[in-house]
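Data first, discussion second: the structure below is written as structure tokens.
What follows is calculated from the coordinates using simple rules that are stated; it is not laboratory data. Given the structure is predicted, the values throughout are model-derived calculations rather than measurements. Positions of Cβ are backbone-derived with ideal geometry, glycine not excepted, and every protein chain shown enters the neighbour counts.
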Ligand SMILES: Cc1cc2nc3c(=O)[nH]c(=O)nc-3n(C[C@H](O)[C@H](O)[C@H](O)COP(=O)(O)OP(=O)(O)OC[C@H]3O[C@@H](n4cnc5c(N)ncnc54)[C@H](O)[C@@H]3O)c2cc1C
Ligand code: SF4
Ligand code: SF4
Ligand code: SF4
């Protein structure tokens, strides 16, 4: 490659830029710069003629890269990229400078605006020298989805995907399908048996050849990225061969060992060999290895008429390839023992709402009778306590959304089984949203439940009568209420499933607010923090079944779009210069998306499909050997070097600002829309994320004589790349401490959080900062 | 005078094994305290004041005082690492500040 031949194009924007800035002079100056092959001025570069002009120059071979001095890159960068592509040149050989939104429109004084425009042009030209032709990266993809969890969400997502023609592997860790919904007696709002809905979906799943369904299976480990994950599945032995077992049941009566059935939350027992309740899949007996007496016993084997029992079966491991993953691992009930004052598991008649579902179910521990667990007597007075553990800083800080409606539903159960019983509900706020409001009305008017606004301080048992005594202040009437009940149901909320929490930690899926944290709740609710992994149902957040089905459809859609034949990604990826890498692993530690692993030669290497191209690794690398393509340290350094800190004259303070392109840059652009102006002392460089900025560049800027430096990113919890903004802030703080020791004013380096609408805040900060820098006097390195 | 570690700033290089200061030190003097995960100099007498660790520390957590041959306590020399230059600040015993910029890499 010879010397770069840059074509510089200056756009008047129909007078919008040219009326404030003398573009003839600017073009004449730029034309003389080293590396500039030609420089043209045009009234409207984004017009057809303007674009044609650029295309012709590119085709003529006179220029091999383009610098456009025009409007904000947020307006027309894509337009100009397209013209490069059309001319058969990599679109990454384009550099744009924002002479309109961040210059002509916001600086009133024409002379100063010109000086700033000239410096911006100079910086862009400097960067253009380091541009590289880049082409999109292509990867082959596996068109198959792994769905983890066979609850209502996992089942629906699998079916949606299979019906869209995608292969699905569905794994469920239990021996039965349907998840928690299978354990319910009835479903609100229609109060139909949930089995009906689950069965309907299961029929369709079983007859769909695209779905491979395995139970007693878990994800052991996971590697790779979207398009080509490798997942190791571990299938636990069932010790009964499902293809032989006819579920005749001859074995169980002979089995001498018992087990507590966790389907009934330990309220009932089965033999060690048992047919799972709910929707067993396959329809066959299984053996609980923790309780089975083993080979020595073998009574079941002798009883089995079809030789289906294999007590030596061992776990099976296999590795599959999938393109994306849906996590639908659901929820566990909150452990009510943690709220000690309610006597859960201390008094047998205090149960949680899931146990109550089992209690009234025909397949449950009492065969569908509502009786006290302590003495088998019918229930005459029943109390519900809402929000147990929920909305409580010490336990679950959130609301699980369903528990109020669940109680309203369970009030109906009480009326069905004990029409005469008295019903009390202790609550803080009843949250029955949407059409569930009707259930609230019915519970009061039809079922005559008494709602008391206040949570009992504790539940105690009367030693003589075994009545449970609850006392609370009814905050509506201000009176103390004391009642006796023979059963107390604790409305406990949902917590994320514990086992998956551990896998989550291993594969980098952090938990938040009772579910897998999404990458960004408002903008990407289905995305987890790992590309290609999506959450469905209650592993996304607490929700009812109908929402879980909707959420499954959303996750399926997301999984589907990430399953093309071929994955094409932008080439703006991090590339490591191994010869200078120290293997300090900071890149691995700081990447918010766990994208780094080791290559065969023992160097860090990013999984490009997992990478979100934030550049945080580049920002953190102490050796500065990671280059986020098209936003490299070198490219930015060339702009910093081209920045002349005296461009407004020796006396005038100048500020170099590094603006995150997500929020800060648009916020600064927006100043003109609001008719605001600010001093021309500030010159901005855009970066993909504040975290992508290596502090060496701030050091360069200081050493180069910039009087002030701003690094602007999103507020901590709004960072598009999770940690970028926090890391940038810490890195700058470290630097500020060093500056202090160097007897340089730490205030010269400023960290700023800007959200996209924070334009006024930005303008205020700039005015104050310029004034402050005037007070401080020039940077000692200036001149 | 051997390097002093600012324990607030040192993050143990976040890694499990050798932090950068340990890797770079020609005398193999820097290492991590396994409990606090912070760096320290294991044999202060042997330090040559070469400042390699000070320059490489990504957190700017290290500082050396000048050796007495060059300047009496508390004179100090502090580098600020740029992409292709180091900006040195020298503060002598009287608090006089001198600064100089040195290019490190030619591209
Ligand atoms: C007391 C109570 C009553 C309710 N009643 C109603 C109601 O009437 N109507 C209504 O709409 N909603 C109701 N809900 C809410 C409803 O239960 C949930 O919305 C629903 O269960 C969510 O389904 P899911 O698929 O997201 O999760 P789950 O039902 O929890 O399913 C998750 C599945 O994933 C499996 N799994 C977990 N971890 C792994 C792993 N590591 N590997 C493989 N598989 C795994 C689990 O075994 C399970 O089968 C009620 C909730 C409560 C607390
Ligand atoms: S942060 Fe830089 S020096 Fe450290 S391991 Fe990563 S690439 Fe190598
Ligand atoms: S660019 Fe961001 S996501 Fe990609 S490897 Fe670097 S830190 Fe991770
Ligand atoms: S190089 Fe700096 S951050 Fe890393 S261990 Fe040494 S002192 Fe700590």
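Of note:
- Nearest-ten-degree value, helix A:724-741 long axis tilted from longest Cα axis of chain A: 50 degrees
- Counting every other Cβ atom within 10 Å of each residue's Cβ, A:221, A:361 order from fewest to most as A:221, A:361.
- Overall Cα dimensions of the protein assembly as shown - principal axes, largest extent first, Å: 96, 67, 65
- Taking the fewest neighbouring Cβ atoms within 10 Å as the starting point, the ordered list for B:64, A:636 is B:64, A:636.
- Exposure proxy shown here: for A:494, A:430, A:439, the number of other Cβ atoms within 10 Å sets the order, fewest to most, as A:430, A:439, A:494.
- Computed helical MRE - 222 nm, chain A, DSSP H runs ≥ 4 contributing -39500 (n - 2.57), nearest 500: -8500 deg cm²/dmol
- 0 to 90° range, to nearest 10: angle between helix A:48-60 axis and chain A longest Cα axis: 80 degrees
- Shape call, the range A:1-136: gyration tensor on alpha carbons, a/c limit 1.5: prolate
- Taking N as its residue count, the alpha carbon Rg of the range A:332-495 over 2.2 N^0.38 Å: 0.96
- Gyration tensor verdict on the range A:339-401 (Cα atoms; rounded if a/c is under 1.5, prolate if a/b is larger than b/c, oblate otherwise): prolate
- Gyration tensor (alpha-carbon) shape descriptor, the range B:1-82, a/c threshold 1.5: prolate
- 0 to 90° range, to nearest 10: angle between helix A:664-673 axis and chain A longest Cα axis: 60 degrees
- DSSP-defined antiparallel bridges as percent of all bridges, the protein assembly as shown, nearest 5: 50 percent
- Convex hull of Cα atoms in the range A:630-783, direction-averaged projection (nm²): 8.4 nm²
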